[in-house]
Amino acid sequence: MAIVALICIFVATRRARAQEEKVPTSAHGVFVVFLGTGMPRPDPGRQGPSLAIVANGKAYIVDAGVGVVRQAAAAYVRGISALQPPKLDIAFLTHLHSDHTLGLPDLIFTPWVMHRVAPLQLYGPSGTQAMVDNIEKAWAEDIDIRIHGLEHNTTSGHKVVVHEIQPGVVYQDANVKVTAFAVLHGSWKEALGYRFDADGKSIVTSGDTRPSQSVVDACNGCDILIHEVYSGGGNGKSKAGDAYFSSFHTSAEELGEIAAKARPKLLVITHYVPRQNTDQTKMLEEIRKKFSGPVVVANDLDVIAP
Ligand SMILES: [Zn+2]
Ligand SMILES: [Zn+2]
């Protein structure tokens, strides 16, 4: 019990610190803003999976869950100027599951309506271009009316430059180097995690994955490992559910093993799926069986710096 209490205190203080501290909103350094920490279930307290790596005052979005642009606006109101919606012009998709892409039309169109001029640079697996083409078709009349009607929107800001990528270094500028790596996510042919190197720090995000050695290799002592997790189940009550979760996702005990091998300075949980009679305390206990480093559970709009 003492260990659980300690974990809870650590989680609580870390969260409080992230919220209180006038987070590193300046133009320097690197930090993570959790825009949405949910999963497919429509939890009113958690938006769809999406986060921003902010490096040297520039935001790099990972995944576009439900609410992505409104959450960015909320972070902007709290003082993170990089997340002002018209400034959102680069994003990386881990995979094309709907919970990670329902906010893609939002990310394409809302910043444009708010006067983004540059096209969105969008990195993702095979299939990203087809998804974008279909979104543009679905909103073709809207695009036409906003450009040629009385709004006089630009003819460029709704456009998307798609980069369908393979594992390796996929992007580099003066602020960040972004390396994609393949993860194992059930029957998806391509699912990716990303490592961001910026300002001498390393932040790795797993995307959705069952235990994958590639996450261990990408982190390898990284500053922050952001990982999905589920807990509960596996008691034979739902064989189909058990088969799905073990093929597509990572249990808390498995995450403990992964983290023990990956040795992050901080493990951050997001996209937490509690199954049956389980809760965060139990999930953290299960991680603790193998991993003794610091662990926090991210909530929406948490800001965590390495
Ligand atoms: Zn997901
Ligand atoms: Zn998924």
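Only the coordinates and a few stated rules stand behind these numbers; no lab work does. Remember, predicted model here, so these are calculated numbers, not experimental data. Positions of Cβ are backbone-derived with ideal geometry, glycine not excepted, and every protein chain shown enters the neighbour counts.
Taking 23 Å as the cut-off for C-alpha to C-alpha distance, list the pairs among LYS189/LYS290; LYS237/LYS290; LYS177/LYS265; LYS189/LYS282 that go past it.
Values: LYS189/LYS290 30 Å; LYS237/LYS290 26 Å; LYS177/LYS265 20 Å; LYS189/LYS282 32 Å.
Too far apart for the 23 Å limit: LYS189/LYS290; LYS237/LYS290; LYS189/LYS282.
Can you list residues from other chains, or at least 5 along the same chain, whose modelled amide H is less than 5 Å from the amide H of TYR123?
Hits under the 5 Å cutoff: ALA91, PHE92, LEU93, HIS163.
According to the square roots a ≥ b ≥ c of the eigenvalues of the Cα gyration tensor, what is the shape class of region 181-295, taking rounded for a/c under 1.5, prolate for a/b larger than b/c otherwise, and oblate for the remainder? Could the numbers behind the result be given before it?
Values: a/c = 2.40, a/b = 1.41, b/c = 1.71.
Verdict is oblate for region 181-295.
Put a dot 7 Å past each Cα toward the Cβ at GLN129 and ARG70; how far apart are the dots in nm?
In this crude spin-label approximation the distance works out to 3.4 nm.
In nm, what is the difference between 0.36 nm times the number of residues separating VAL77 and GLN213 and their Cα-Cα distance?
Details: separation 136, 0.36 × 136 = 48.96 nm, distance 3.87 nm.
Gain in length upon complete extension: 45.1 nm.
Report relative contact order for region 163-306 in percent, whole number only (criteria: Cα-Cα under 8 Å, sequence separation at least 6). Show your work: numbers first, answer last.
Working: 305 pairs, mean separation 29.1, N = 144.
20 percent.
Order by neighbour count: ILE143, ILE258, fewest other Cβ atoms within 10 Å first, most last. All intermediate terms of the calculation are to be shown ahead of the outcome.
Numbers: ILE143 18, ILE258 27.
The order, fewest Cβ neighbours first, is ILE143, ILE258.
Rounded if a/c is under 1.5, else prolate if a/b is larger than b/c, else oblate: which is region 72-176, with a ≥ b ≥ c the root eigenvalues of its Cα gyration tensor? Present the calculation step by step, with values, prior to reporting the outcome.
Details: a/c = 1.76, a/b = 1.18, b/c = 1.49.
In terms of gyration-tensor shape, oblate.
For a footprinting-style exposure proxy, rank TYR244, TYR171, TYR230 by other Cβ within 10 Å, fewest first.
Numbers: TYR244 14, TYR171 18, TYR230 24.
Starting with the residue having the fewest Cβ neighbours, the order is TYR244, TYR171, TYR230.
To the nearest 20 Debye, how big is the dipole of region 181-228 about its Cα centre, given +1 on the beta carbon of each Lys and Arg and -1 on that of each Asp and Glu?
Values: 4 positive and 7 negative charges, 27 e Å.
Computed about the Cα centre, the dipole is about 140 debye.
If each of ALA138 and ALA174 carries a label point 7 Å out from its Cα toward its Cβ, how far apart are those two points in nm?
Going by the 7 Å Cα→Cβ label model, 3.8 nm.
Report, by chain and number, residues whose modeled amide H sits under 5 Å from the one on TYR171, excluding near sequence neighbours (fewer than 5 apart, same chain).
So TYR171 has HN proximity to VAL178.
How long is the gain from ASN277 to HIS148 if the chain were fully straight, where each residue apart is worth 0.36 nm and the alpha carbon distance is subtracted? Can you show the working numbers first?
Working: separation 129, 0.36 × 129 = 46.44 nm, distance 5.47 nm.
Full-extension gain reported as 41.0 nm.
Peptides 55-61, 34-40, 129-135: what's the order by average Cβ count within 10 Å, highest mean first?
34-40, 55-61, 129-135
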